2 protein chains.
Amino acid sequence: MAEPSGIGDSIPLDDPGLDNTAGEEFLQEVFQILLEEGVRKSTDVTQKVCDWKEPLELRELLDLELRSDGEGRERLLQRCRDVLRLSVRTGHPRFFNQLFSGLDHHALAGRFLTETLNTSPYTYEVAPVLVLMEEQVLAKLRELVGWSSGDGIFAPGGSMSNMLAMNVARFRRFPESRSRGNWDLPRLALFASQESHYSIQKGAAFLGIGMDNVHLVRTDERWVGKMIPEELEKEIQRVKAEGSEPLFVCATSGTTVLGAFDPLDAIADVCARHGLWLHVDVTDSVTWNPHKLLMVGLQCSAFLLRDSSGLLQRCHGVGASYLFQRDKFYDVSLDTGDKSPQCGRRADGLKLWILWKAVGSRGLGRRVERAFAATRYLLEQVKRREGFQLVMEPEFLNLCFWFIPPSLRGQESSPEFWDKLGKVAPAIKEKMIRRGSMMVGYQPQGSRVNFFRQIVTNPAVTRQDLDFFLDEIQELGWDL
Amino acid sequence: MAEPSGIGDSIPLDDPGLDNTAGEEFLQEVFQILLEEGVRKSTDVTQKVCDWKEPLELRELLDLELRSDGEGRERLLQRCRDVLRLSVRTGHPRFFNQLFSGLDHHALAGRFLTETLNTSPYTYEVAPVLVLMEEQVLAKLRELVGWSSGDGIFAPGGSMSNMLAMNVARFRRFPESRSRGNWDLPRLALFASQESHYSIQKGAAFLGIGMDNVHLVRTDERWVGKMIPEELEKEIQRVKAEGSEPLFVCATSGTTVLGAFDPLDAIADVCARHGLWLHVDVTDSVTWNPHKLLMVGLQCSAFLLRDSSGLLQRCHGVGASYLFQRDKFYDVSLDTGDKSPQCGRRADGLKLWILWKAVGSRGLGRRVERAFAATRYLLEQVKRREGFQLVMEPEFLNLCFWFIPPSLRGQESSPEFWDKLGKVAPAIKEKMIRRGSMMVGYQPQGSRVNFFRQIVTNPAVTRQDLDFFLDEIQELGWDL
């Protein structure tokens, strides 16, 4: 047997190599720091959202280097405080930068439970509670989608769920592709709208299908951001004429920037006509990310299938004999891990389950209603306030608008207007981060220059926070 | 704007929709339950490792159904207790079933911190501390591999890290494959040993390369489980003659079952001769999972590259304009998320960083040494005890052995011996789970019938636990 040099058998095995008592005391102290610095301050509107530091300064403050010797308890506790203090407070009522904003205490408790359990829901044997919980949560999500049966699995994020959808679609049409690769297949074609998430392209590249084979279908000018079914039909015809094989359509219910909903019924008709897999729909599969609007915490992404023939297992399963032994003494259909292209996975169902138990379907529904109410309120205000200009009437929770500083007002017809306006959002964003007062995203889109995208999902956000949000943009952008 | 039916504007926005005070009190109570039921009992050797329930019974005990209304605090706290009590205690000194065994309090504190921060390390903007920490931890891991420069990213598990390796190898050789897919490429060929992890096959299927194009190279009979470089050379020649294009070799340092180390130098020579990408090696890339031997917690898998030309970004990046804006006011090279095929990711570096700060490189090294000492001790005992038979001399920490019950001893030459012996490990496993006394894995391998695989990585395991481990197998298997 090989062994590290110069060790011999001098390692005493009679006593445990970990000090549980000291460890538990440390956890107690860390927990109080977490509660004070991470939870309370993160949700306290009087605190800053972030404490901006330049990378060089932050590297020094954190003393990141990893050394030979360990550090004492006080030093480590200080490090925990520093990590929390110098991080962005994503639970803050004025953090709007990403869809995972807000802090739900029940979901956080579920995350702490998950971390303490530290197991992988791939077999019933090592994760009996978590496997059954995933089964229940996935069934409930399918029920809300409108399916009485089906299959599903949690994936590390929505991009991965979308990749699972493409892979399952490929496998269903060409089961031999799993063993032989893409070479014997016709050139496959995928379709999504111009406004779809970038994970479709990333996924096509990763799966060996190729980004050029993702065909971005034009979106409607009237209902800005929606896929035009007639354009989808045309694209399918064009691609077929070129010798490619249409396989898969990803419709989007709530595009990333504009929050547009593709017209599912009309797209489903096109798909049915051509025999294509329709993802995010009422036909084949859905990616649902409760880590966004439902505030469950990163990550919680469910990939749901209508199929209940075992497609997911046949597509991804390889039946490793050290893990998925068939001679176990219990029902091995509960060893669900082989349905995933991953091996070990995180148990992302528990935190959603505990939150659901805590507030019920009704409570989750109320949060969604509140998010709509916040958007309606902001919409009214944006329309009323001088200098704010709507990009489009929101269809969902995405409120997209420009702020036009006084210096640019009335110059909409000048040739430099849009160029100058495009620099306003980044400048306001820099100011708000340096001040630490709030965070919100901006981006250009198509021919439109940079605009803000506000999506209020956190139920802790009040009318006062929404007023502050617009006031602050106005104040920071006033002199630009 | 669309809105849920029947809501109107009756939602009051003046008050927060979350009760922070009640939430914090709930977290306090959950934390005490976690500490008592999840941490203390999980690490207490006098407790059961698991409390086995049949799925039907467990479903009832847990009352899994998700209903319309939420539940009160006491009920939820009881649910937290039940989840912990009915789950497998992976932190227990007698849980040996998976490589993620053991509970390190510092790493757990890091995980709690990560969950509280709830952000994605894709941009410096929303995760300044975590992005810099990942940079530091990845650099340190590369340094230990022997590289002074390079690149890397954390992935959700080792399977995904291995897929990243295959994808980067494909992209480096055929940059156009990213946009055009596999069709214009020659049929690619991947190589790994017969003993390699199943993620290579899963990955090949997922990436559109196909499982048939993974060529499993024969392993050595003498040094059981090691890839034979001469066989690799032969396979490469054979595959070339068939018109395929060898691309990638995955060497394994510590195979899943036997713990064998492929001979890297000899394999590297073969790869250099044919211009192939060598993964897990001293040449191109490495998958390193600190969530196993280093006990960091699920998941922590680093994909390390020697390349420092930006290959990872060119291979996976698509530069989404709503996230990776180029007009930010800071150095956007710190927005590392585009290097991954994922969008949102978990911040898996923090927990390793805090553990490393707590015990230092020296402390991590001592754990590895202790694991070797435990294996040496068990090896001696297995050789000394009647009825225990070694599968092979361990090269690493994997101790593989059969227990031969008295009824089968001396019958090694009978034709049914191996058939009967193959049923012994599953039967002992069932008994230990029903008793809840310990957990360890078993599997067949090649022509060998089911045997136990013991890998002691948890430093909390004492000599007494190791003696108990062998005594218990003996006791449970005595009457078979």
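Some notes on this structure:
- Rounded to 0.05, the FRET efficiency of the A:ARG435 and B:GLN32 pair, given R0 = 56 Å and the Cβ-Cβ distance, is 0.90.
- Separation of the range B:226-250 from the range B:144-168 is 23 Å, based on Cα centroids.
- Shielding by partners for peptide A:32-44, expressed as the average number of C-beta atoms from other protein chains within 10 Å of each residue's C-beta, is 4.
- For the range A:223-295, alpha-carbon Rg and Dmax in angstrom: 13.3, 45
- Solvent-accessible area of A:SER447, all protein chains in place: 120 Å² (probe radius 1.4 Å, heavy atoms, ligands and nucleic acids excluded).
- When the trypsin sites (Lys or Arg not before Pro) in the range B:313-345 are filtered for DSSP coil states and for at most 15 other beta-carbon atoms within 10 Å of their beta-carbon, the remaining sites are B:ARG326.
- Dipole magnitude for chain B: computed about the Cα centre from +1 point charges on Lys and Arg Cβ and -1 point charges on Asp and Glu Cβ, it is near 1320 debye.
- Other copies of A:ASP467: label-to-label distances in nm, shortest first, labels 7 Å along the beta-carbon direction: 7.4
- For the peptides B:368-375, A:431-438, the ranking by mean Cβ contacts within 10 Å, running from highest to lowest, is B:368-375, A:431-438.
- Phi to ³J(HN,Hα) by Karplus 6.51 cos²θ - 1.76 cosθ + 1.60 over the range B:121-134, Hz, x for Gly, Pro: x, 8, 10, 4, 3, 9, 8, x, 5, 6, 5, 5, 5, 4
- A:TRP478/A:ASP51 FRET efficiency (R0 30 Å; Cβ-Cβ; nearest 0.05): 0.80
- Rotationally averaged projected area of the range B:129-179 (alpha carbon convex hull; nm²): 4.6 nm²
- Top positive-direction residue, dipole computed over the range A:240-386 with Cβ charges, set A:ILE354, A:ILE267, A:ALA241: A:ILE354
- Remark: spin-label model distance A:SER309-B:PHE329 equals 5.7 nm, labels positioned 7 Å along the Cα→Cβ axis.
- Distance from the C-alpha centroid of the range A:264-323 to that of the range B:60-138: 25 Å, rounded to the whole angstrom.
- About the Cα centre, charge dipole magnitude for the range A:103-179 (Lys/Arg +1, Asp/Glu -1 at Cβ), debye: 380 debye
- Translational diffusion of the range A:176-257, µm² s⁻¹ [Kirkwood Rh, Cα pairs; Stokes-Einstein; 4 °C; 1.567 mPa s]: 97 µm²/s
- Closest approach to the axis carrying A onto B, counted by Cβ on chain A and given in whole Å with its residue, is A:GLY208, 1.
- The mean of 1/r over all distinct Cα pairs in chain B, once inverted, gives the Kirkwood hydrodynamic radius of 25.4 Å.
- Rounded to the nearest 10 square angstrom, A:THR119 shows an accessible area of 10 square angstrom against a 1.4 Å probe.
- Computed extension length for B:TYR322-B:HIS274: 13.1 nm, one decimal, from 0.36 nm per residue of separation with the Cα-Cα distance subtracted.
- Position B:GLY275: other-copy label points at 4.0 nm, ordered by increasing distance, label point 7 Å along Cα→C-beta.
- Between chain A and chain B, roughly 16900 Å² of accessible surface gets buried, counting both sides and using a 1.4 Å probe.
- Nonpolar atom fraction for the range B:1-122, defined as the carbon and sulfur part of the 1.4 Å probe accessible area, stands at 47 percent.
- For peptide B:125-135, the mean count of partner chain Cβ atoms within 10 Å of a residue's Cβ comes to 6.
- Inter-copy label distances at B:SER253, shortest first and taken from points set 7 Å along Cα to Cβ: 4.7 nm.
- Modelled spin labels at A:GLU221 and B:VAL368, positioned 7 Å past Cα toward Cβ, are 6.4 nm from each other.
- Inter-chain neighbour count for A:335-342: the average number of beta-carbon atoms from partner chains within 10 Å of each residue's beta-carbon is 3.
- Relative contact order (percent, whole number), chain B, Cα cutoff 8 Å, 6+ residue spacing: 19 percent
- Leading residue at positive end of dipole, chain B (Cβ point charges), from B:THR255, B:THR219, B:ALA205: B:THR219
- Environment charge at A:LEU312 (Cβ cut-off 14 Å; Lys +1, Arg +1, Asp -1, Glu -1): +2
- Mean projection area, nm², convex hull over Cα of the protein assembly as shown: 37.9 nm²
- Assigned charges on the beta-carbon of Lys, Arg, Asp, Glu; the range A:387-454 dipole about Cα centre (debye): 380 debye
- Label-to-label distance, nm, for residues given as A:THR21 and A:ASP69 (7 Å Cα→Cβ offset): 2.5 nm
- At the residue level, B:PHE388 shows approximately 20 square angstrom of accessible surface with a 1.4 angstrom probe and all protein chains present.
- Three-way shape call for the range A:88-236 based on the alpha-carbon gyration tensor, with the a/c threshold at 1.5: oblate
- Comparing the range A:313-427 with the 2.2 N^0.38 Å rule of thumb, its C-alpha radius of gyration ratio is 1.95 (two decimals).
- Accessible heavy-atom area order of A:ASP14, B:ASP44, highest first, probe of 1.4 Å: A:ASP14, B:ASP44
- Per residue, the convex hull around the alpha carbon atoms of the range B:384-480 comes to 107 Å³.
- Surrounding net charge for A:ASN213, when Lys and Arg each add one and Asp and Glu each subtract one, Cβ distance under 15 Å: +2
The values are calculated or read from the model by the stated rules, or taken from the named source; none is laboratory data. Values in this document were obtained by computation on a predicted structure and should not be read as measured data. Backbone-built Cβ (ideal geometry, glycine too); neighbour counts: all protein chains shown. Heads up: the accessible areas ignore ligands, DNA and RNA and are worked out on the full protein's heavy atoms, side chains in. Shrake-Rupley method; radii C 1.70, N 1.55, O 1.52, S 1.80 Å.
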